[in-house]
Each structure stands twice: as structure tokens, then as C-alpha cells.
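Chemist: Input: one structure, supplied below.
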Amino acid sequence: PHHHHHHQHQSGSTQNPVSSRSLSTRRELYERDFPVYKQPVEVGCFSLDSERRFFNDRRQMRYYVEPDRNPNFDLRDGYKHRYVKRDDGVKEKLDHILSWIVANRSKHNSSATTASSRALDADFVTWRGHLTKLLTTPYETREGWLLAVTKFRGTLYISELETEAARREQENRTERHEEMTYWGYKFEQYTCADDPHSLPDPSGVVNTNEAFCTVVQTRLADHRLLFSGEVDCRDKDPDAPAAPACYIELKTSAEICTPKQRSNFHRFKLLKWWAQSFLPGVPRVVAGFRDHEGVVVSLETFHVSKISHLIKNEYNCWKPTVCMNFCCDFLSFVKHVATEDNPGVVYLFSWEPRRDVTFSVHRDSHYSFLPQWYIEGMTG
Ligand code: A3P
Ligand code: MG
Ligand code: MG
């Protein structure tokens, strides 16, 4: 709609409901007031164990232990011999979130809606990571995405599909790249303990099947969202604020040595870090800066609410409001397009850099992603 309505945007009038076959991703169209984004509330959580089994509890929660001022973490330690890598050939889609919904069904089945056709108190159910991709879309120049949407009992479920380009990239990953993926998880092991009174154990195995996920509820303009995201660790102080405010996101990044590197860090990395943590209301990112040999040489805490101020001096830099308004308009577009309430119907939204978002419709195809156990669990 937007490419047909530039003037409307500039005059500041509110945008009409989407009525087009495509959605523009041009940044200028989304530079308006920041939309309402309610403080996310944690409504539950779940854990995935070392074999990727689901548990409706906090057993995989980890506790942040502030390292020395001069850390010397060797992120290469244990690669190969103390590394169990999750099988990324297994496409889990929304299954873990759906398991959580079924396990906590009574909580959502509010009395006002039990008799109605709406099963959940949300317009959208998805992974935080899918929303992160939407937030960064107006600034993304390399990787497109494919999002499958199904409407079931009034709620729109959004699940990502791997693009052909991503599959090829995955296949052509170098050994160096493979090892560098390990580094991020190894950093978590150096800084996290399994309980609030113990210390990290860097001699253990890094197993990327393990995860602790928060489930949050919030609202973006008139879109009620229920989503889940992995949380790296929490503040171990029992008096820390309630979740999600006690959560801490851990990141590694290459040491910054030149103004050019600093600028790139602000323009590209901080955008991704901000989007990922802002969505679930995680207030802090602890970054470990590493050299080319994979040794963490310094640490820095980034307050998510201050990231947008940090970047303001960059020329032509990203803006949080563009990210949020694009996401909001995409969700409106989805509501307009995906109208048939049927678990066998998939609306496939696809985007490639420098293009508009387009969609196609698929009935009883291999794209269907809501499992029978979920449909029965929510209908019975
Ligand atoms: P870093 O981000 O420190 O490099 P997360 O930061 O989201 O908790 O993810 C933990 C680690 O998983 C990352 O650590 C990185 O090593 C790996 N990882 C996350 N997303 C990835 C992606 N899209 N491709 C490759 N590795 C990824
Ligand atoms: Mg993580
Ligand atoms: Mg992390």
C-alpha cells in the first residue's frame, strides 16, 4: 500500500488498513511516531534439555557471574571434543511454543472466551527471532526471509521457513565459520552458572540443545502478541527485578580497533542486538569483545534503552521507530491477507532485499505447520 501512498504518509495522516498485494520495506515510509509497545509481561517459560526435550519449567535457567576486569577467556577451548551441536536439520517450527500453550491451556482459556471460537488471548503467536527479523527488515541488504502464516481459531501463527539462499549458505559454511559459531556458546559457559550460588564451569561440555525460553505477552499498536525467545541468563541477585527485567543477553563480537569498525558495530551489530532484546523487554546485553584468536579481551554492558542514543552520531543510521512501524504494518498486512481460519491453509509471505513483501496461498500443502496434536489439544 505504501508505495501508492507516499503523500498520505508525508502529510502525517494515519495509514489506511492494508489493501494491496504487497508491502513496501522502504525506510522513509516508516519514519513516524514510535508506535505503542506495551511493556512485555512474562506469562511463562519452558526449558529444552541436553536432548532437546521440552519441560514446562525453569530447569535450564542460568545465572550470570560477573567475570574479572581482565578476562582471558579462550573461546576455542573444547571445540570438537567438548561440543554437542544441536541438529539444525531438524525443523522444530513452532512446536515448543505450541507445547507450552497446550501445557498451560487453562491459563489462556479466559472465561469470557471459552464459548467463543478464539482459543487464545493473542492475535499472533510466534518466536521472538522471527519478530527480530521483521524489525530489522528495512535495514537488511543481504538476507531475505520466508514466513508461513496460518489462522487457527482467531489467532495468526507465524513460523519461518528456510530460504533457498540460507540453505545454500548453511551448506557452504567454512570450518572457521563453524568454529566461530561455537565461540558464542563458549562465552556463555565462561559467564554462567547453573545455580545462584555456584561458579561457571568452563571444563564442562557445551551442548547447544539446552535452552531456557521465556514466553511473553505484549501489544504492538492493536496487535496482541504472544511470543517466546531464548534467554541466556539472569541476574543471580534474588532481589533483582522480576522477569524479564532480570534477564541478561550475552553476546560476543570482534574487538573494535578502528573508527570504521566502531561505525560498523553501531550500524549493523547494535541494530540486531537492540531488536532481539527490546522485543521481550530484556534490559541488558553483556558483550565480550574477542581477538582473532578467539580470546575475549574486554567486556562491556549495553543498556538496551540507551542503544538508540549511542548510535545517533552515525550518519544515515538505523532508527528504532522505523523497525517498530514496519513490524506493525507487516502484522496489519498479515491480518488483512490471512483471513481464512483453517489449520490446513498457509499464507506464505516472502521478502528479498530491495523488493516488496509478497505472498502466496497454499492449501493442504507441505507448508502446513500446525501439528494434529495441537489442533486436537486446542479443540477438545
Ligand atoms: P554470539 O551472538 O555471541 O556470536 P544468542 O546471542 O542469540 O544468544 O546466540 C548465541 C550464539 O549462537 C551466538 O553467539 C552465535 O554463536 C550463535 N548464533 C546465533 N544466531 C546465529 C546465526 N543466525 N547463525 C550462526 N550462529 C548463530
Ligand atoms: Mg541465546
Ligand atoms: Mg546471546
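The values are calculated or read from the model by the stated rules, or taken from the named source; none is laboratory data. Quick caveat, the model's predicted, so the values are computed rather than measured. Cβ: placed from backbone, ideal geometry, glycine included. Neighbour counts: every protein chain shown. Accessible surface areas use protein heavy atoms only, side chains included; no ligands, DNA or RNA. Shrake-Rupley method; radii C 1.70, N 1.55, O 1.52, S 1.80 Å.
Chemist: Filter region 158-180 for residues that are open to solvent by 80 Å² or more (accessible area, probe 1.4 Å) and within 10 Å of ligand 1 (Cβ to nearest atom) and give the result.
Modeler: GLU169, HIS177
Chemist: With the condition being more than 20 Å from VAL41 (Cα to Cα), open to solvent by less than 50 Å² (accessible area, probe 1.4 Å) and within 16 Å of ligand 2 (Cβ to nearest atom), I'd like the strands (runs of 3 or more DSSP E) fully within region 181-264 carrying at least 2 qualifying residues.
Modeler: Filter on region 181-264 gives 247-254.
Chemist: Out of THR174, THR218, report the one residue that is under 30 Å from GLU352 (Cβ atoms), within 23 Å of the chain's Cα centre (by Cα) and among the polar types (S, T, N, Q). Break it down into steps so the answer makes sense when it comes.
Modeler: Working: THR174 fails: within 23 Å of the chain's Cα centre (by Cα).
None of the other options fit; the residue is THR218.
Chemist: May I pose another question? How many residues are part of a helix (DSSP H, G or I) and open to solvent by less than 30 Å² (accessible area, probe 1.4 Å) if we restrict to region 273-328?
Modeler: Adding up the residues that qualify gives 16.
Chemist: So how many residues does region 329-347 have that are surrounded by fewer than 17 Cβ atoms within 10 Å (Cβ to Cβ) and either polar (S, T, N, Q) or outside any helix (DSSP H, G or I) (or both)?
Modeler: Number satisfying all stated conditions: 5.
Chemist: Return the total of residues in region 348-380 being not polar (S, T, N, Q) and not in a strand (DSSP E or B).
Modeler: 18
Each row is one residue, and each column tells you yes or no for (1) under 30 Å from LEU120 (Cβ atoms); (2) near ligand 1 (Cβ under 10 Å from one of its atoms); (3) not hydroxyl-bearing (Ser, Thr, Tyr).
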position	(1), (2), (3)
ALA221	yes, no, yes
LEU225	yes, no, yes
ASP237	no, no, yes
ALA242	yes, no, yes
TYR247	yes, no, no
LEU250	no, yes, yes
ILE256	no, no, yes
LYS260	no, no, yes
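Chemist: Mind counting the residues in region 60-71 that are within 21 Å of the chain's Cα centre (by Cα) and either open to solvent by 50 Å² or more (accessible area, probe 1.4 Å) or farther than 22 Å from TYR83 by Cα (or both)?
Modeler: 1
Chemist: I'd like to check something: does region 126-139 contain any residue that is in a strand (DSSP E or B) and within 23 Å of the chain's Cα centre (by Cα)? I'd like the intermediate steps shown before the answer.
Modeler: Let us first name the residues in region 126-139 that are in a strand (DSSP E or B), namely 126-127.
Now drop any that are not within 23 Å of the chain's Cα centre (by Cα), which leaves 126-127.
Checked against the condition, which is being in a strand (DSSP E or B) and within 23 Å of the chain's Cα centre (by Cα), region 126-139 yields at least one hit.
Chemist: Restricting the first residue to region 242-267 and requiring it to be without any contact (Cβ under 8 Å) to a residue 24 or more places away in the chain, which pairs with a second residue that is within 16 Å of ligand 1 (Cβ to nearest atom) meet a Cβ separation below 7 Å and a spacing of at least six or different chains?
Modeler: CYS246/ARG234; ARG262/ILE256; PHE265/SER253; PHE265/ILE256
Chemist: What are the residues in region 40-61 that are in a loop (DSSP other than H, G, I, E, B) and in contact with a Pro (Cβ under 9 Å, 6 or more places away or on another chain), if any?
Modeler: PRO40
Chemist: Ok, one more. Residues being in contact with a strand residue (DSSP E or B) (Cβ under 8 Å, 6 or more places away or on another chain) and either over 22 Å from HIS366 (Cα atoms) or of a type outside the set (Asp, Glu) (or both): count how many of those fall in region 154-178.
Modeler: Here is the first cut: in region 154-178, the ones in contact with a strand residue (DSSP E or B) (Cβ under 8 Å, 6 or more places away or on another chain) are 154-163.
Now narrow it down to the ones that are either over 22 Å from HIS366 (Cα atoms) or of a type outside the set (Asp, Glu) (or both): 154-159, 161, 163.
Within region 154-178, residues that are in contact with a strand residue (DSSP E or B) (Cβ under 8 Å, 6 or more places away or on another chain) and either over 22 Å from HIS366 (Cα atoms) or of a type outside the set (Asp, Glu) (or both) number 8.
Chemist: For ARG267, indicate whether it is basic (Lys, Arg), away from ligand 2 (no atom under 16 Å from the Cβ), under 27 Å from TYR315 (Cα atoms) and open to solvent by 20 Å² or more (accessible area, probe 1.4 Å).
Modeler: Yes; evaluated as a whole, the condition is true for this residue.
Chemist: Is there a residue in region 194-209 that is more than 11 Å from ligand 1 (Cβ to nearest atom), farther than 21 Å from SER368 by Cβ and either under 22 Å from the mean Cα position of the chain (by Cα) or aromatic (Phe, Trp, Tyr) (or both)? Break it down into steps so the answer makes sense when it comes.
Modeler: Of region 194-209, the ones more than 11 Å from ligand 1 (Cβ to nearest atom) are 194-205, 207, 209.
Then drop every residue that is not farther than 21 Å from SER368 by Cβ, which leaves 194-205, 207, 209.
Remaining after also requiring either under 22 Å from the mean Cα position of the chain (by Cα) or aromatic (Phe, Trp, Tyr) (or both): 207, 209.
Looking through region 194-209, at least one residue is more than 11 Å from ligand 1 (Cβ to nearest atom), farther than 21 Å from SER368 by Cβ and either under 22 Å from the mean Cα position of the chain (by Cα) or aromatic (Phe, Trp, Tyr) (or both).
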